[in-house]
Amino acid sequence: MAYDPSTLPDVSGLTIGIIGGTGDQGRGLAYRFARAGLTVLIGSRSAQRAAESAAEIAALPGVPAGGSVTGADNDEVARRSDVVIIAVPWDGHAATVSALAEPLAGKIVVDCVNPLGFDKQGPYALPVPEGSAVQQAAALLPDSRVCAAFNHVSAPLLADPEIDRIELDVLICTEERELVGIVGALAAHIPGMRGIYAGRLRNAHQVEAFTANLIAINKRYKAHAGVRVTDL
């Protein structure tokens, strides 16, 4: 069955929390979802920093006046959100996720973290004992509904108010097919994006690792490359 956006569920009433919402990737996703009129909560270890970041995003071009973008500490954001995106640096991933296991119970958790290292030869994928960042998250969050998505979205594109469309596919790895529709519907709120099922969590390693290739491509061609799946 070819990709059919008409089958996507209505997610307009969901609250989207972003853990790591003050970093480049998290902040960019928050801006795009806020711009689409969704309710967004910015999470940070510092509630004050989260509130400041939320105020800055609310004032950006394209965000509806009176829109709902607020900030709080990570624990509160996890408790108040329906869908929580993990967008923290890899070196703090395990500690951050494990600390939120209780408030994230029963929640949809979207992990977009890429375990990468950098040396003189450029970016490369790091080994993860569980197999991938999202598998680590799933192991730490046994009572949550976990998937990987938004791994390949360029933070500079997300943050640029002059860019209306971001033409790429969001690869979604999960054990629950229902999450593909929900996360795909969130992706579709960003014009130009599609959410595409890319297999179970065990297939997420190569999705996360491919980010190293995209960084190398972007450096060589001075671009903001993404992924587009053909014949869909």
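The values are calculated or read from the model by the stated rules, or taken from the named source; none is laboratory data. Since the structure is predicted, the reported quantities are computational estimates derived from the model, not experimental observations. Note: ideal-geometry Cβ built from the backbone for every residue, glycine included; neighbour counts use all protein chains shown. Areas reflect the complete protein model, heavy atoms only, side chains present, ligands, DNA and RNA absent. Shrake-Rupley method; radii C 1.70, N 1.55, O 1.52, S 1.80 Å.
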- Task: Tabulate in residue order the Karplus-calculated ³J(HN,Hα) for the stretch 9-14, using 6.51 cos²θ - 1.76 cosθ + 1.60 with θ = phi - 60°, rounded to whole Hz; enter x for Gly and Pro.
- Result: x, 7, 10, 5, x, 7
- Query: Does the stretch 185-232 classify as rounded, prolate or oblate by the C-alpha gyration tensor (a ≥ b ≥ c root eigenvalues; a/c under 1.5 gives rounded; else a/b over b/c gives prolate, otherwise oblate)?
  - Reply: oblate
- Phi to ³J(HN,Hα) by Karplus 6.51 cos²θ - 1.76 cosθ + 1.60 over the stretch 189-199, Hz, x for Gly, Pro: 6, 9, x, x, 8, 10, x, 10, 5, 10, x
- Near the amide H of Val84, under 5 Å away, which other amide H atoms are found, from residues 5 or more places off or on another chain, if H is placed in the peptide plane? Gly17, Ile108, Val109, Val110
- Query: Looking at the square roots a ≥ b ≥ c of the eigenvalues of the Cα gyration tensor of the chain, which shape do they give, rounded for a/c under 1.5, prolate if a/b is larger than b/c, or oblate?
  - Reply: rounded
- Ile196 long-range amide H proximity, modeled H, under 5 Å: Val170, Leu171, Ile172
- Item | Lys, Arg +1 and Asp, Glu -1 on Cβ, resulting dipole of the chain about Cα centre, debye, nearest 20 | 420
- Item | Distant-in-sequence amide H partners of Gly71 (H built 1.01 Å from N, under 5 Å) | Ile42
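Could you work out what % of the accessible surface of the chain is carbon and sulfur, using a 1.4 angstrom probe and leaving DNA, RNA and ligands out of the count?
C and S atoms contribute 52 percent here.
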- Normalised by the residues of the stretch 34-182, what does the relative contact order come to in percent, with Cα pairs under 8 Å and at least six apart? 18
- Item | Charged-residue dipole, Cβ positions (Lys, Arg, Asp, Glu), the stretch 132-214 about Cα centre, Debye nearest 20 | 280
- Task: Counting only heavy atoms of the protein chains, get the accessible area per residue of the chain (1.4 Å probe) and round it to a whole Å² value.
- Result: 46
- Query: Stretched out fully, how many nm does the piece from Asp164 to Ala65 gain, at 0.36 nm a residue minus the Cα gap?
  - Reply: 33.9 nm
- Task: Pop out the ³J(HN,Hα) list for the stretch 210-217 in order, Karplus 6.51 cos²θ - 1.76 cosθ + 1.60 with θ = phi - 60°, rounded to Hz; leave Gly and Pro as x.
- Result: 5, 4, 4, 5, 5, 4, 5, 4
- Message: Let me check something: with ligands and nucleic acids excluded, how do Asp91, Asp160 order by accessible area (1.4 Å probe), largest to smallest?
- Response: Asp91, Asp160
- Item | Val146 - accessible surface, heavy atoms, 1.4 Å probe, Å² rounded to 10 | 10
- Task: State, as an integer percentage, the relative contact order of the stretch 1-89 based on alpha-carbon contacts under 8 Å between residues 6 or more apart.
- Result: 37
- Heavy-atom accessible area of Ile163 with all protein chains present, probe 1.4 Å, nearest 10 Å²? 40
